[in-house]
Amino acid sequence: MKKTRFNDLHRKMGGKMIEFFGWDMPVEYSGVIPEHMAVRTKAGLFDVSHMGEVLVTGKDALRYVQWLTPNDAAKLAPGQVQYTALMTPESTFVDDMLVYCVGPEEYFLVVNAANVDKDFAWIAGHTQGFAVKVVNQSDDYSQLALQGSLAEAILRPLTDIDLAGMKSFHWAKGRVAGKAGLVSRTGYTGEDGFEIYTTDPDPGIIWTTLIETGKPLGLLPIGLGARDTLRLESKLMLYGNDITDKTTVLEADLKWIVKLEKGDFLGKPVIEKQLAEGLKRKLAGFEMAEPGIARPHYPVHYNGQKVAEVASGTFAPFLKKAIGLVYLPIEATAVGTEIEIEIRGKKAKAKVTPTPFYKRAKK
């Protein structure tokens, strides 16, 4: 199994290690619920070095990124970040990703751990006709995510970057705990926070310094378990569950990342057709109305018929209720619609609910 450069530190801190898409990663330290609550109320530190990084350079870099994705990368100035999708001609997902604008001829793409090789093969396979160079830099980078309302207070004394002046989905280069890197105000939890990238071959001091600085403020190390419950409460997509190569961007309720006016891009004709004809299904949120926790792949019934399977489902520690996401027939997606989830052979009632399930209060 692959190991991140923080692997020994996870083990020393008592991390429970599991295999995750070929990586040896901590699933929890003190438990999913306390880790989840630490991020929601104070702060948490995640090792996300298994994520993938691809550098795109060349005079056609912007035109190339525009072709691969539905969002409008032309709106990005250097120092800005954008959430988007890596799309197929069918308007389905190769992956979702972040696009960092370094300059008009340089973009930094961050993709999901499970998809790094597949994504890079797709990206590299679509360069014909574009004056670009694409490089898979995933093995060079380590990445940490510091998330929660106290993230800025913890990171501020450890960096020369002006965090107070950094808006959401912006980034800057500087030093963290003496190591050169890139810090962006992004995350996968629904909270304020930062993601820290470095190519330093020995980045352990960043982890240990953040832990030492944050411990008096309630910072905890966080594993994959709480990472998943946090992102689901905030309705942040998980590839393989909520978005796949069989689900379109519009079906995934991500119309907001589609910018038709920008020009041609992969999948645009399918999107235009779906907009004209209307969707037959869409991703919707639900909460259990009867006891039970809906897990991925559990059958979902509407009007007495099986119509789908749960995409993502869990008990939400902060909300203290069982929630989930499912692709429902469009007529069943209205808030308040009753559905049933088959849990170990027995049907339990649930209802369609607004999403995101959790949204942090604005300052």
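The values are calculated or read from the model by the stated rules, or taken from the named source; none is laboratory data. Since we're looking at a predicted model, the values are computed, not measured. A quick note on method: Cβ atoms are made from the backbone with ideal geometry, for glycine too, and the neighbour counts reach across all protein chains shown.
Do any strands (runs of 3 or more DSSP E) entirely within the stretch 1-56 hold 1 or more residues that are free of Cβ contacts under 8 Å to residues at least 24 places away in the same chain and among the hydrophobic types (A, V, I, L, M, F, W, C), and if so, which?
On the way: elements: 16-20, 23-28, 44-47.
Correct list: 16-20.
(1) within 19 Å of Phe20 (Cα to Cα); (2) assigned to a strand (DSSP E or B): which one isn't true of Leu283, the others all being true?
Only one criterion in (1) within 19 Å of Phe20 (Cα to Cα); (2) assigned to a strand (DSSP E or B) is unmet by Leu283, namely (1).
Is it the case that the stretch 349-361 has a residue that's among the small types (Gly, Ala, Ser) and in contact (Cβ under 8 Å) with a residue 12 or more places away in the chain?
The answer is yes; a qualifying residue exists.
Could you count how many residues in the stretch 23-44 are closer than 23 Å to Asp200 by Cβ and either in the same structural domain as Pro104 (by TED's automatic domain parsing) or over 19 Å from the mean Cα position of the chain (by Cα) (or both)?
1
If only one of Lys215, Lys246, Lys235 is part of a helix (DSSP H, G or I) and either in contact (Cβ under 8 Å) with a residue 24 or more places away in the chain or over 19 Å from Tyr358 (Cβ atoms) (or both), which one is it?
Lys215
Given the residues Gly292, Gly285, Gly336, which is the only one that is outside the structural domain of Asn71 (by TED's automatic domain parsing), under 26 Å from Pro70 (Cα atoms) and small (Gly, Ala, Ser)? Break it down into steps so the answer makes sense when it comes.
Working: Gly292 fails: under 26 Å from Pro70 (Cα atoms); Gly336 fails: under 26 Å from Pro70 (Cα atoms).
Testing whether each residue is outside the structural domain of Asn71 (by TED's automatic domain parsing), under 26 Å from Pro70 (Cα atoms) and small (Gly, Ala, Ser) leaves just Gly285.
Looking only at the stretch 20-27, decide whether some residue is farther than 20 Å from Val132 by Cβ, in contact with a His (Cβ under 9 Å, 6 or more places away or on another chain) and of a type in the set (Asp, Glu).
There is at least one residue in the stretch 20-27 that is farther than 20 Å from Val132 by Cβ, in contact with a His (Cβ under 9 Å, 6 or more places away or on another chain) and of a type in the set (Asp, Glu).
Go through the stretch 156-190 residue by residue and tally those that are surrounded by 15 or more Cβ atoms within 10 Å (Cβ to Cβ) and not in a strand (DSSP E or B).
So the count comes out to 12.
Would the stretch 321-343 turn up any residue that is at positive phi, without any contact (Cβ under 8 Å) to a residue 12 or more places away in the chain and assigned to a loop (DSSP other than H, G, I, E, B)?
The answer is no, given that none of the residues of the stretch 321-343 is at positive phi, without any contact (Cβ under 8 Å) to a residue 12 or more places away in the chain and assigned to a loop (DSSP other than H, G, I, E, B).
Would you pick out the residues in the stretch 110-129 that are without any contact (Cβ under 8 Å) to a residue 40 or more places away in the chain and buried (at least 16 other Cβ atoms within 10 Å of the Cβ)?
Lys118, Trp122
Restricting to the stretch 344-363, name every residue that is outside any loop (DSSP other than H, G, I, E, B) and of a type in the set (D, E, K, R).
Lys346, Lys347, Lys349, Lys351
If a residue has to be under 14 Å from Thr353 (Cβ atoms) and under 25 Å from the mean Cα position of the chain (by Cα) to count, how many in the stretch 321-334 make the cut?
Applying the first criterion (under 14 Å from Thr353 (Cβ atoms)) to the stretch 321-334 yields 321-326, 328, 332-334.
Those still in the list that are under 25 Å from the mean Cα position of the chain (by Cα) too: 321-326, 328, 333.
Within the stretch 321-334, residues that are under 14 Å from Thr353 (Cβ atoms) and under 25 Å from the mean Cα position of the chain (by Cα) number 8.
Select from the stretch 130-155 the residues that are farther than 15 Å from Val65 by Cα and of a type in the set (D, E, K, R) and write down the one among them that is surrounded by the most Cβ atoms within 10 Å (Cβ to Cβ).
Step by step, filter the stretch 130-155, then rank; the result is Glu152.
Tell me, yes or no, whether the stretch 220-239 has at least one residue that is among the small types (Gly, Ala, Ser), surrounded by 18 or more Cβ atoms within 10 Å (Cβ to Cβ) and within 17 Å of Leu328 (Cβ to Cβ).
Within the stretch 220-239, none of the residues are among the small types (Gly, Ala, Ser), surrounded by 18 or more Cβ atoms within 10 Å (Cβ to Cβ) and within 17 Å of Leu328 (Cβ to Cβ).
Name every residue in the stretch 327-338 that is buried (at least 21 other Cβ atoms within 10 Å of the Cβ) and in contact with a Leu (Cβ under 7 Å, 6 or more places away or on another chain), in order of residue number.
Tyr327
Hey, does the stretch 207-215 have a residue that's among the β-branched types (Val, Ile, Thr), modelled with pLDDT of 95 or more and buried (at least 21 other Cβ atoms within 10 Å of the Cβ)? Break it down into steps so the answer makes sense when it comes.
Restricting attention to the stretch 207-215, the residues satisfying the condition of being among the β-branched types (Val, Ile, Thr) are 208-209, 211, 213.
Then drop every residue that is not modelled with pLDDT of 95 or more, which leaves 208-209, 211, 213.
Then keep just the ones that are buried (at least 21 other Cβ atoms within 10 Å of the Cβ); that gives none.
The answer is no; no qualifying residue exists.
Report, by residue number, each residue of the stretch 350-361 that is modelled with pLDDT of 95 or more and surrounded by fewer than 13 Cβ atoms within 10 Å (Cβ to Cβ).
Pro354, Lys359
Across the stretch 31-61, what is the total count of residues that are surrounded by fewer than 22 Cβ atoms within 10 Å (Cβ to Cβ), over 11 Å from Gly225 (Cβ atoms) and small (Gly, Ala, Ser)?
1
Can you find a residue in the stretch 74-83 that is in contact with a helix residue (DSSP H, G or I) (Cβ under 8 Å, 6 or more places away or on another chain), under 30 Å from Arg156 (Cβ atoms), touching a residue at least 40 places away in the same chain (Cβ under 8 Å) and of a type outside the set (Phe, Trp, Tyr)?
The answer is yes, given that some residue of the stretch 74-83 is in contact with a helix residue (DSSP H, G or I) (Cβ under 8 Å, 6 or more places away or on another chain), under 30 Å from Arg156 (Cβ atoms), touching a residue at least 40 places away in the same chain (Cβ under 8 Å) and of a type outside the set (Phe, Trp, Tyr).
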